[in-house]
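Rule-based calculations on the coordinates, nothing more; no lab input. Worth saying up front: this structure is predicted, and the values here are computed from it rather than measured. Glycine also receives a Cβ, built like all others from the backbone with ideal geometry; neighbour counts cover every protein chain displayed.
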């Protein structure tokens, strides 16, 4: 099955070479479009008519960073797989790329790794490197969307818990295990752990039990 790919890199020569290399990696890879501007890539990825299956984005660009491109897309939709590429040390971008919703990051010269990352991202799957913090597209979208909604509430005053953070603590209070909560919420176990960690930080709680007691006193649930 064909995989439609969008490419963004602010170096026109690198962009042209990258497009040629990707097209040769797999007969199913189809470069749908290329752009030198991160803002254009975001716009196209959010357009139903131009949305690719996977966006391959350089991490260092002039108009907007690759992590900002990933975040802007992932907070809106899980429908586009996101793969970061860089000619610098991967470690300089890995954690932030994961937090911003990418499914993988690879070096520009690692063609085999890039091909595998594209195939997995097209299925909404994160890299199979268990030592990384990358999430599947659906889980990453839930996390970023929830954080954005909570941020809007914060802007109106106070460090409000998001709906997902509140639900996580409520389910723990009711005796559910982490796996049961993940299944009920339709997310992965790491995503539940992130909801809990963010809730504790907002509440200034030292433990899960402490956080639940604060919520009870505040009539959060």
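Descriptive notes on the structure:
- Sequence ranges 93-102, 211-220, ranked by mean other-Cβ count within 10 angstrom, highest first: 93-102, 211-220
- Among 73, 3, 118, sorting on how many other beta-carbon atoms sit within 10 Å of each Cβ, with the fewest leading, yields 3, 118, 73.
- A rounded overall shape is assigned to region 1-106, the ratio a/c of its alpha-carbon gyration tensor axes (a ≥ b ≥ c) being less than 1.5.
- Fully extended contour minus Cα-Cα distance, from residue 43 to residue 24, at 0.36 nm per residue: 4.2 nm
- Calculated [θ] (222 nm, deg cm²/dmol) that DSSP helices of n ≥ 4 give over the chain, each run adding -39,500 (n - 2.57): -15500 deg cm²/dmol
- Förster radius 45 Å - calculated FRET efficiency between residue 170 and residue 11, Cβ distance, rounded to 0.05: 0.35
- Alpha-carbon centroids, region 168-201 and region 1-75: separation in whole Å: 34
- Only one of (1) 60, 34, 33; (2) 59, 43, 35; (3) 49, 41, 36 was calculated from the structure for Cα extents along the principal axes in Å, and its label is (1).
- Spin-label pair residue 129/residue 206, simplified geometry with 7 Å Cα→Cβ offset, distance in nm: 3.8
- Tilt relative to the chain, helix 208-217 - C-alpha long axis, 0 to 90 degrees, to 10: 60
- Global geometry of region 161-217, whether rounded, prolate or oblate, following the gyration tensor of its Cα atoms and the 1.5 cut on a/c: prolate
- Between helix 137-155 and the chain: long-axis angle, C-alpha atoms, 0 to 90°, nearest 10: 60
- Axis of helix 189-203 versus longest Cα principal axis of the chain: the two differ by about 60°, to the nearest ten degrees.
- Gain upon complete extension [residue 183, residue 50; 0.36 nm per residue less C-alpha separation]: 44.6 nm
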